[in-house]
Structure formats: C-alpha cells, structure tokens
Amino acid sequence: MSAEKAKKTVPYTVPIGPVHPALKEPVMFTFGMEGEIVRTVDFAPGQTHRGIEWMGMRRNPVQIVHLTDRICGICGIVHSLSFARAVEQIAEIEVPERADYIRTILHELERIQSHLLWAGVAAHELGFDSLFYLAWRVREQSMDLIENLTGNRVNYGIVQIGGVRRDISDEQRALVEKGLDYYQGLLDQMATLFLKDSTILMRCRGHGILSGDDARLLCTVGPTARASGLNMDVRQDYPYCAYGDLDVKAILPPPETGGPQGDVYDRIIVRLLEVGQSIGIIRQCLGQLPAGEILWEPKMAKLLSVLKKAEGEGIGRVEAPRGECMHYVKMAGKEAPDSWKVKASSYSNLMSWIPMLQGEQLADIPIIVASIDPCLSCTDRVAVTRNGQSDILTKEDLTRLSREKTRRMMQ
Amino acid sequence: MAGLPLLPELVRQLFSRPATNAFPSRHLPPSITGFLAKVARGEATIHPPIPTPPKFRGKIVYDREACIGCSLCLRVCPAHAIEFIPETKRVRIYVTQCIFCSQCNDVCPKNALHMSHEFLLATEDRYAESQIVE
C-alpha cells in the first residue's frame, strides 16, 4: 500500500491507554483504524517504571532478594529465584537438594495460581464474568496453600541466597496433597468450561493469530510461543532446581484441538494443560523430596561476608508462568552488585502484539492484549525524561549522544 | 460440541453459600466508618476475618530487653525500615516502611524480633504510635 493511499484509507487513529479499563496494566496503544479493523499498531510501555534496579544497586544481595519479590505482583518467586540463582552462580554456592525441591514445588504452585488468574482475566475480557468469578474462586485454594507454606499470600519471601527460608513439614505436605487432589478433580471441569463453551470458541478461535515463524522472529517466550507451536520451555531445555530429575516436556496444543494454530484459543489450551502439568510436577517432587538442610549457610553474617567477597557475572534463568525470566548480576567484591539487569518474560512477548492485532476488530483488542498475559510492571525498566517530560530516544539520538561522549572524552 | 457448559454450575450456585468471608460485617452497613465507630463503642461486633496461617508475618514485635544493639538487623533490612539509636543502643522500627520479610528475625542473635499475627495496620498518620515499634 502506498503512503498516499494509506493516508486516505487510515483516516483516524484510536489511542488506548496509558490507563484504560480494557487494559489490566498501563501501556499506551495507538491504533490506526480503518472502520472497525485495526490496520497499524504502535505501543509505548514504560508507564510503570519504578527504578527497582537502581534501588538494588545500593543494597546487598540478601536485601535485594526480598526486593525482587516486589518486581511482579503475581510471580512472587520467579524473580527472587532467578536473582538468587545468578548470585549463587557468582559466589559458587551449592543449593541443598531439599531446598531445590521446595523451590520447585512453590514455583509450580505459583504457575497454577498465575494461570488460573489469567484464565479469569481472559473470561472477564470476553464479558464472561460468571466464569471469571468461578476461576478466581478456584484459584483461592492455591493461594491458601502458598500462604500456608511461605507465610504470606503475595510477597512470599521464601527464597534466600543458597536455599529457602522455610521447610515443608509433614502436616503441610498433607495439605499440599489435598490441594492437588482438589485441582486434579477440577481439571476436566475447567477444560469443559473454557474449551467447550460456544462464547469462548466464537471469540477466541482464529483471533489474534501469531504464526510460528513470527513467534520465532519476535523471540516470543512461554505459553505464547508454545501456543504458536514452538517447542521451548526453560524447564525442559535448560533444567534448573529439581527439574533435571523430573519429567517435564514443553506443552504444545494437542492434535485433538487442531494442533498449534497460534490463536487466543490455543493460548487458553496451553495454559490449562500447564495447570495439569504443574500438578504432576508437584506430585513428583513430593514423592522424591529428599531429606536434609534447606540452607547452604544458615548463619546470615557468614553468608553476607561470602557475598561481599564474590566477584564475577551470573545469569539466572527460570521459566516464569509467562515465559523465560532472566536476571543478570555482576558483582565486584563490594557489598552491592556492580550491575543488575532484569529481563521479565513479558518484555519478549510484547512485540507479538503487532502481528496479532493487525486485521482484528476494535472489540477484539482487550482479549488479544490480555492473551499474552502481559505484566508491564515486571517489564518496565527504563523511562527517559527530559526537563520533566517523558521522551523517546531514537536510534539517531543515541548515535548523536554516543558521538558527543567520544568528543567530550577526547578533550 | 460447543454449548453452554457453565449453565448447570450457575444454577447450582444459586443454592450454595458465598465463597467469600463477609468482613467486617455480615451485611454492608450504610456507613463503614459509622459501623466501626459503633464497634468501638461496643454496640456492634466485627464479623471475624479468616484466621492467619501459622507462619504468617504481621506487625513486628520488638523485645527491647533482649536486644544487645548489634545492629545486624540494619544490614539485612531491604526497606531501611530500622533505625539505630546510638544514645540508647537500641533500634526503632518504622512499620509503614517495613515490607514484612522477617529477615531481621532470622538474623537476630538474641531472638529479640518476632512477627505477630496483627495485620490490620492502616492509619492516616505514618508516624502514629502504632506505626513505630521501639
């Protein structure tokens, strides 16, 4: 389409956001509309930047590990686990086996609650509020389990550098098993409610399509990538914690439902199947839970002195409910890390909105935007401001700044 | 085959009790503040919240006598919520800043810090007496 023609056929833009009831978290969308059809998509994240990395670089790793709990409101363990793994790599700390298993159990419980939360949100975006309430009622069971195991509902504070802070007692083990039985019994019902419903089928089948090639080109991760047919899962490809001992395979949309088509419906299927997979993983973990210590070094003062001496770089990767989450840490023999970078899973998934939304109707935007389960407060790492105004630096600006710096340094 | 599978469940729910705990009162009062004032005067009772789990981390409790003023807790507090008072060699904890990680409890050599089960902490004044533990 030529530029002139595009001007005529795309006569108006529809801005949605930064804060809008159709979006769960703040992001600024600009749609180029042709009637009801979305033709062009642009978005600007960076509305929830909180400078958490800046805070981290002024604290020691034992303090940061609890700061990382607060990066995301839903993934309470993903970020702390990822950060702890990076630091453990640098300081060459070996995590006791029992701690690895407890980390895995909580990681999977979190996946259950996150996927059920997403299922509720997706139903709500479709205007199917009775299903939303049902999904969230069912989710409470996993929240109660997490609360019982860790102490709190949302900010668990369970991960410590070199292990976990709380053990699983025999009574708690029985509770977890009871909770798993509850979900096992519900799986079929949830699958029927979500997948056999004509409303959901109408609104989700064939909408928000992301082809496998696009998913690969845009470096999509997690359930979004798997729904497009990419066989990838950090737990399968690069096992960490106890996953090496367990049987974990990436879940793809099964052939019974038409194989991977990469639409919203496939993303529902993948997430629902992953709830079942998580139940299986927790059962395996409970079955082979080894005895022993849960912390590499229970004496905090000693741990702090070891971390103070640590030097080097480390990368912690974990499979968050939304996809791969990565923390890069560089320590240089000081109390605080030299550098700390968080790459949340949604960061990789945001770009997939563009091919998904093109050609869809305005009314499909909420469900398609929600279908990748975006977590923007996890993602936002940078906000450029100049004279108190938000600003965008283009490639040319950055080149200019770089040249100016060279010139400054040469003087 | 596609249909309306939620319908039977919805009909069933017409006859089941609500899943949520009615807190602070069983029925919505005309004014929440009026209701709470009534509770304070002893004319009404609060419908109790769900009990907290055994390892719950609520408002911090400080045992001033047991504390030896080693200030280890300051080094591990992620929120800088603990202040060391050099004159008395004791600490002061700002509850509004505390993030309830209980790391100071773990590090304390004398077990002077504990987490209670108290969680209804909201006030309008961040320096209120209830928000500072010393």
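The values are calculated or read from the model by the stated rules, or taken from the named source; none is laboratory data. Worth saying up front: this structure is predicted, and the values here are computed from it rather than measured. For neighbour counting, all protein chains shown are included, and Cβ atoms are generated from backbone atoms with ideal geometry for every residue, glycine included. The protein model used for the area step is the full one, side chains on, heavy atoms only, and it has no ligands, DNA or RNA in it. Shrake-Rupley method; radii C 1.70, N 1.55, O 1.52, S 1.80 Å.
Figures for the structure shown
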quantity	calculated
A:Glu88 accessible area, 1.4 Å probe, all protein chains in place, Å² to nearest 10	10 Å²
Inter-centroid distance (Cα atoms) of the range A:371-401 relative to the range A:63-98, Å	26 Å
Helix-only [θ]222 nm of chain A, DSSP H runs n ≥ 4, -39500 (n - 2.57) each, per residue, nearest 500	-15500 deg cm²/dmol
Alpha-carbon gyration tensor eigenvalues x 5, square-rooted, for the range B:82-134, Å	20, 16, 8
Convex hull of Cα atoms in the range A:206-267, direction-averaged projection (nm²)	4.4 nm²
Pair-distance profile P(r), taking every C-alpha pair of the range A:52-377, with 20 angstrom steps and integer %	33, 56, 11, 0
Kirkwood Rh (inverse of mean 1/r, distinct Cα pairs), the range A:22-135, angstrom	17.5 Å
Rh (Kirkwood; distinct C-alpha pairs) - the range A:141-181, Å	10.7 Å
Where no second cysteine Cβ lies under 4.7 Å, the cysteines concerned in chain A	A:Cys204, A:Cys219, A:Cys241, A:Cys285, A:Cys325
25 °C / 0.890 mPa s Stokes-Einstein diffusion coefficient of the range A:90-182, Kirkwood radius on C-alpha pairs, µm²/s	169 µm²/s
Helix-only CD estimate at 222 nm, as mean residue ellipticity for chain B, using -39500 (n - 2.57) per DSSP H run (n ≥ 4)	-5000 deg cm²/dmol
Accessible carbon and sulfur surface of the range B:1-40 relative to its total accessible area, %, 1.4 Å	66 percent
From the C-alpha gyration tensor of the protein assembly as shown, square roots of 5λ in Å	39, 32, 26
Among B:Pro8, B:Thr33, A:Ile112 the positive-end extreme of the charge dipole of the protein assembly as shown (Cβ point charges)	B:Thr33
Values of log10 I(q)/I(0), in the order q = 0.15, 0.21 Å⁻¹, for the range B:40-116 under a Debye, Cα-only, solvent-free model	-0.57, -0.89
Principal axis dimensions, chain B - Cα atoms, whole angstrom, descending	70, 48, 22
Binned Cα-Cα distances of the range B:29-82, short to long, each 5 Å bin given as a whole percent	4, 13, 12, 13, 11, 12, 12, 11, 9, 3, 0
Folded to 0 to 90 degrees: helix B:32-41 orientation relative to chain B principal axis, Cα	60 degrees
Amide hydrogen neighbours beyond the local backbone of A:Ile16, cut-off 5 Å, H modeled	A:Phe29, A:Thr30, A:Phe31
Part-to-part distance (alpha-carbon centres) for the range A:124-188 and the range A:318-359, which is given in Å	25 Å
Largest-first principal axis extents of the Cα set of the range A:263-362 (Å)	58, 39, 17
Share of pairwise Cα separations in the range A:320-411, more than 22 Å, in percent	57 percent
For the range B:23-28, 3J(HN,Hα) per residue [Karplus equation, 6.51 cos²θ - 1.76 cosθ + 1.60, θ = phi - 60°, Hz, x = Gly/Pro]	9, x, 9, 5, 10, 5
B/A buried area, accessible surface, summed, 1.4 Å probe, Å²	2700 Å²
Under the span-like rule (Cα at least 15 Å along the axis, Kyte-Doolittle mean at least -1.0), DSSP H helices of chain A	A:78-91, A:97-125, A:129-150, A:170-195, A:264-288
